[in-house]
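So the structure is just underneath, and the comments pick up after that.
No value in this document is a laboratory result; all are computed from the given coordinates. Worth saying up front: this structure is predicted, and the values here are computed from it rather than measured. Because the Cβ atoms are built from the backbone with ideal geometry, glycine has one as well, and the counts that use them run over all protein chains shown.
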Amino acid sequence: MQTYLVGGAVRDALLGLPVRERDWVVVGARPEQLARAGYRLVGRDFPVFLHPTTHEEYALARTERKTGPGYRGFETYYSPDVTLAEDLRRRDLTINAMARDADGALIDPYGGARDLEARLLRHVSAAFAEDPVRILRVARFAARFAPRGFRVAPETLALMRAMVQGGEAAALVPERVWQETAKALGEPAPEAFVAVLRDAGALAVVFPELERLYGVPQPPRWHPEIDTGVHVELVLAAAARLSPSPRVRFAALTHDLGKGTTPPAQWPKHVGHEERGARLIGALAERLRVPNDFRELAVLVARHHGLSHRALELRASTVLELLEHCDALRRPERFLEFLLACEADMRGRTGFADHSYPQGDFLRAALAAAQATQLGAAERAALDGAAIGARLREARLAALQALKAGPAT
């Protein structure tokens, strides 16, 4: 029985990155041997064990054979005679198909170290085409490593396109699409995830609402980049600079979906795109099983980002209505994320990346002013429940009017 460190731990160490977790492959062993040694079986489809002390994952070396469409259509074979090279060959990318033995020696049968140097995301073998999830994974790795200069190898991109054309992307189940998307949203360059999926032809399959945005024009006065799809990529990049929150980034990604349904005769204007976008987000979230906190923030941003941009021009009553519609007083943290997504929308335009967003500062101050407004005990005692709410709203409106008026001179 021989044990090898494999996958991301090897890759990240070679890149000089912190190793988040370590996975191991065991060659020459049977499941009962690990069980007797105190390892705990956790794998459902094939034997994966947790180390009794470190709780790191140890998987028996295995191979796979395609038996049907989609990522579930596999038959797994594991046996003491499966070699390390055979196990590594079934992995997605060469940079993930390296190992280290017990002495620390690098085992690299498929040129992963070379591709690390060349900054290439390249598939290991033709078996890559058997699993459509790998289309999403390559796009996710692009989102992680694009800032380091990585790009998808031309032959791998061509294979991904062939997979899409062959219907493999259509076999992806919603849960896996969202799982990989959520991970990509947490990477340094989530916009690369979108760009790679589009280059592969997969965006139209898994996110048709986003694909429809490309080629849709916007008024050049407000959008020098013109193309709505390009704008969304810029907004997503801006959101990644402003916040690590995947919720903020998802809201940035989906904030303009309604522009994809504007009749061409109305271009470049997009009257009513906010509400259309909110409905599209609801349908997308239902289809992909998107968590409620992601969906709720995205809908708020789609509906109200225009008001946020005009915050300095709004009447105090409209500012209060915005706070109320966003439930900002009860959920202030979500409102602050709303403002970050709106700021990303403003910055996600050609030439606007470093612009300030005073509207966000004003709306944060408006929230603080409304939060600080309270009724005294005597005033509350003199009113019933409905009257208390009405009086409190009046007081908040007065506080916002004072905020807009500025300090007394």
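With a 10 Å Cβ neighbour count serving as the proxy for reagent exposure, in which order, fewest first, do L329, L392 appear?
Neighbour counts put them in this order, fewest first: L329, L392.
Our summary gives the stretch 1-124 a relative contact order of 24 percent, counting only alpha carbon pairs under 8 angstrom and 6 or more residues apart. As an exercise, use a Förster radius of 35 Å and the Cβ-Cβ distance of D103 and R151 to find the FRET efficiency, rounded to the nearest 0.05. Efficiency at R0 = 35 Å is approximately 0.55. Once the C-beta distance of A204 and V19 is scaled by a Förster radius of 35 Å, the resulting FRET efficiency is 0.45 to the nearest 0.05.
Taken as Cα centroids, the stretch 371-392 and the stretch 211-236 sit 47 Å apart, rounded to the nearest whole angstrom.
Largest GNM mean-square fluctuation among V164, V42, V301, using the chain with Cα springs under 10 Å: V42. How high is the FRET efficiency between Q179 and S317 when r is their beta carbon distance and R₀ equals 35 Å, given to the nearest 0.05? It comes to 0.20. For the chain, the relative contact order comes to 10 percent (Cα pairs under 8 Å, sequence separation of at least 6). Taking amide H as placed 1.01 Å from N in the peptide plane, V48 has its amide H under 5 Å from the amide H of V42, G43, each at least 5 places away in sequence or on another chain.
Shown in residue order for the stretch 30-37 are the 3J(HN,Hα) couplings computed by the Karplus curve 6.51 cos²θ - 1.76 cosθ + 1.60 at θ = phi - 60°: 10, x, 5, 5, 5, 4, 5, 7 Hz (x for Gly and Pro). Largest GNM mean-square fluctuation among T254, T54, T156, using the chain with Cα springs under 10 Å: T54.
Between the stretch 313-347 and the stretch 77-128, how many Å separate their Cα centres? Cα centroid of the stretch 313-347 versus Cα centroid of the stretch 77-128: 49 Å apart. Between L307, L88, L120, the Gaussian network model of the chain with springs among Cα atoms under 10 angstrom shows the greatest mean-square fluctuation at L307.
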